[in-house]
1. On the given criteria, is residue 154 more than 22 Å from residue 94 (Cβ to Cβ), surrounded by fewer than 20 Cβ atoms within 10 Å (Cβ to Cβ), among the acidic types (Asp, Glu) and modelled with pLDDT under 95?
2. Can you tell me which residue in segment 198-233 is nearest to residue 168 (Cα to Cα), limited to those that are of a type in the set (A, V, I, L, M, F, W, C) and either open to solvent by 20 Å² or more (accessible area, probe 1.4 Å) or out of contact with any helix residue (DSSP H, G or I) (no Cβ under 6 Å at 6 or more places or on another chain) (or both)?
3. For segment 157-197, name all the residues that are polar (S, T, N, Q) and open to solvent by less than 50 Å² (accessible area, probe 1.4 Å).
4. Can you spot a residue in segment 37-59 that is in contact with a Ser or Thr (Cβ under 9 Å, 6 or more places away or on another chain), open to solvent by 30 Å² or more (accessible area, probe 1.4 Å) and under 30 Å from residue 210 (Cα atoms)?
5. Go through segment 60-78 and count every residue that is touching a Ser or Thr at 6+ places or on another chain (Cβ under 8 Å) and crowded, with 24+ Cβ neighbours inside 10 Å.
6. Let me spell it out: the conditions are (1) in contact (Cβ under 8 Å) with a residue 60 or more places away in the chain; (2) more than 23 Å from residue 202 (Cβ to Cβ); (3) crowded, with 18+ Cβ neighbours inside 10 Å, and residue 112 meets all of them except one. Which number is the exception?
7. Only one of 178, 191 is under 26 Å from residue 86 (Cβ atoms) and in contact (Cβ under 8 Å) with a residue 24 or more places away in the chain. Can you tell me which?
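The values are calculated or read from the model by the stated rules, or taken from the named source; none is laboratory data. Every value quoted in this text rests on a predicted model; they were computed, and no experiment measured them. Cβ placement follows ideal geometry from the backbone for every residue including glycine, while neighbour counts extend to all protein chains displayed. Surface accessibility is based on the protein's heavy atoms, side chains included, excluding ligands, DNA and RNA. Shrake-Rupley method; radii C 1.70, N 1.55, O 1.52, S 1.80 Å.
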Amino acid sequence: MKKHVVLIEDEPAIRDNYRAAFERRGYRVSAHGDRASAWQVLRQSLPDLAIIDVGLGDEPEGGFALCQDLRSLSQTLPIIFLTARDSDIDSVHGLRLGADDYVTKDMSLDHLLARVTALLRRADAWAEALQKPDEVLERGKLSLNVDRMTVAWDETPIDLTVTEFWMLHSLVQHPGHVRSREQLMEAASTVLDDNTVTSHIKRIRRKFQQIDATFDGIQTAYGMGYRWNAREV
C-alpha cells in the first residue's frame, strides 16, 4: 500500500510541484492550502507523514498551530516543516512544538525525499516493535519502555516526540558513553544538521526539568556530543 503524505502549502504552484514530485516517487499525496481545511480532514484521519509550511495564507504562523494540533492527536506522527523561513528562532520554535524536522525550500528534492524516507522507515520500525514483548530500560529514576515508546521520570510520565525518544534511548543504553550528533541522528533514523540535534537535546532536558529542577541526566561532552550521566543509574 502506498504511504500517505499530506502536504499543507498555501502557494498553489509550489504545492502542485511538490505533489507531483512525491506522486512520481510512489506516494499517495493529499494537499491543502490552509490550516482550517487541513485540520478538518486530519482531525478525522491521520496520514503516514505530514509536511507543513509555516506561513499559511493570512496566518503567518498557521503551520505552527497546525503542528501543535497534530501533536495533540499523535506523539508519533512524523512531521516536517518545509518553509522559506530560515531563521534559527523559527526552526527552534518548530522543533519545540514537536516537529521531527525543519527544512527550507532551497533544499534539493532528493535531500527532502531522503528525510521523508528515513522518517517513514522509523515509523514502520516502531509499529513492528509494538508486536513484541515490552522492553523496558531502567536507569535510576528513569523508566523507558521501548515498545510502547513511553518515558517516565520518578514515575511521572514525560511526553516525547519520536525523534526525542530515540535520541534519549541511544543515550541511556550505555550510561557514561558519549554519543556524537551523527550517532544520535542514526538512532533516530533521521537526517538533521548539528543545530537541530542540539535543539532536540535542549527540548528533552527542558521536559525533564519541568518535573525535576535538579535533573542532570543528559550531559554535554563539548566538541564530541552528549552522554547519559552514569550517576543516574
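1. Details: more than 22 Å from residue 94 (Cβ to Cβ): yes; surrounded by fewer than 20 Cβ atoms within 10 Å (Cβ to Cβ): yes; among the acidic types (Asp, Glu): yes; modelled with pLDDT under 95: yes.
Answer is yes for this residue.
2. If we filter segment 198-233 for residues that are of a type in the set (A, V, I, L, M, F, W, C), which is where we start, we get 201, 204, 208, 211, 213, 215, 218, 221, 224, 228, 230, 233.
With either open to solvent by 20 Å² or more (accessible area, probe 1.4 Å) or out of contact with any helix residue (DSSP H, G or I) (no Cβ under 6 Å at 6 or more places or on another chain) (or both) added as a condition, the list becomes 201, 208, 211, 213, 221, 224, 230, 233.
Details: 201: 8, 208: 11, 211: 17, 213: 18, 221: 15, 224: 16, 230: 14, 233: 14 Å.
The qualifying residue nearest to residue 168 (Cα to Cα) is 201.
3. Hits for segment 157-197 are 161, 163, 170, 180, 189, 190, 196.
4. Yes.
5. The number of residues fulfilling the criteria is 1.
6. For residue 112, the failing item is (1).
7. On the way: 178 fails: under 26 Å from residue 86 (Cβ atoms).
It is 191.
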